[in-house]
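All of the numbers you see were taken from the coordinates with simple rules; none came from a lab. Since we're looking at a predicted model, the values are computed, not measured. Neighbour counts are summed over all protein chains in view; Cβ atoms, including those assigned to glycine, are modelled from backbone coordinates with ideal geometry.
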Amino acid sequence: ELAEAQQKLAEAQQRTEQRLEELAEAQQRTEQRLEELTEAQKKTEKGLQELSKEVKTLTEEHKKTREQLGGLAHTFGYYLENEAHKYLPKILQERYSFTLEGDLRRTFIEISSNVYEEIDIFGFARKDNERYVILGECKTQLKKRDIDRFLERVERIKRFFTEKPFVIFVTHQVTVSVIKYVDSLGFPVFYSYEFR
């Protein structure tokens, strides 16, 4: 009976040792896997740092591109205004029988102390013994909000003139809905292709 108990104990001991070996191997595999995960985490962090640098670089380049495009838009806007100043006198004469008094120009009108309203197209004209002040807005792409804002500006400045205001819009391109809107208000729109 003692021998049998010792035999069982030896078998149990052997099973325990085998289990311990299996656990040790499993722990070794777990540690190896943790090392692999740690290595992968380091690679991921390095990749994220590189990605972050790339995103920062792209953001800076995008900002520069937007600034350059903004500069081009301003340049084209001023070019369109200059063309309008040059060609509108003849068009206004032919279509509306206006005789301009001097050149059309861009100006700022002081509406209160150190508060100015910019007018892209400004000048004076005569028609049928009546004097008019020409007030125009020039946009490369005329939008409804541009029209509304300009008309609000006209309301703020017209009190400074005894002349009847003649409001005009100049654009390079415009949508059909905006044309319908400005037509419903009764104001003329002149297009860049007319300036030849």
Subtracting the Cα-Cα distance from 0.36 nm times the residue separation, let me have the gained length for N129 to R159 in nm, one decimal. 8.7 nm
Residue by residue through segment 24-32, the couplings from Karplus 6.51 cos²θ - 1.76 cosθ + 1.60 with θ = phi - 60°, in Hz, x for Gly and Pro, are 5, 5, 5, 5, 4, 5, 4, 5, 5
Quick one: if you take sqrt(5λ) for each eigenvalue of the C-alpha gyration tensor of segment 77-194, what semi-axes come out, biggest first, whole angstrom? 20, 18, 14
Relative to the first principal axis of the alpha-carbon coordinates of the chain, what is the inclination of helix 144-157, with its axis defined by its Cα atoms, in degrees from 0 to 90 and to the nearest 10? 50 degrees
Among L88, T30, T65 - extreme Cα towards positive end, dipole of segment 24-101, charges at beta-carbon: L88
Integer Hz, Karplus 6.51/-1.76/1.60 couplings in order for segment 91-99, x for Gly and Pro: 5, 5, 5, 5, 8, 10, 6, 7, 10
Among the lysines in segment 1-126, how many pairs, 8 or more places apart or on different chains, have alpha carbons under 16 Å apart? 4
Can you give me the relative contact order of the chain as a percent, contacts being Cα pairs under 8 Å and 6 or more apart? 14 percent
What is the set of long-range amide H partners of F190 at a cut-off below 5 Å, with H atoms built 1.01 Å from backbone N? F169, V170, T171
Tell me, what HN-Hα J-couplings in whole Hz come from the Karplus equation 6.51 cos²θ - 1.76 cosθ + 1.60 at θ = phi - 60° for each residue of segment 171-183, using x for Gly and Pro? 8, 8, 8, 7, 7, 4, 5, 6, 4, 4, 5, 5, 4
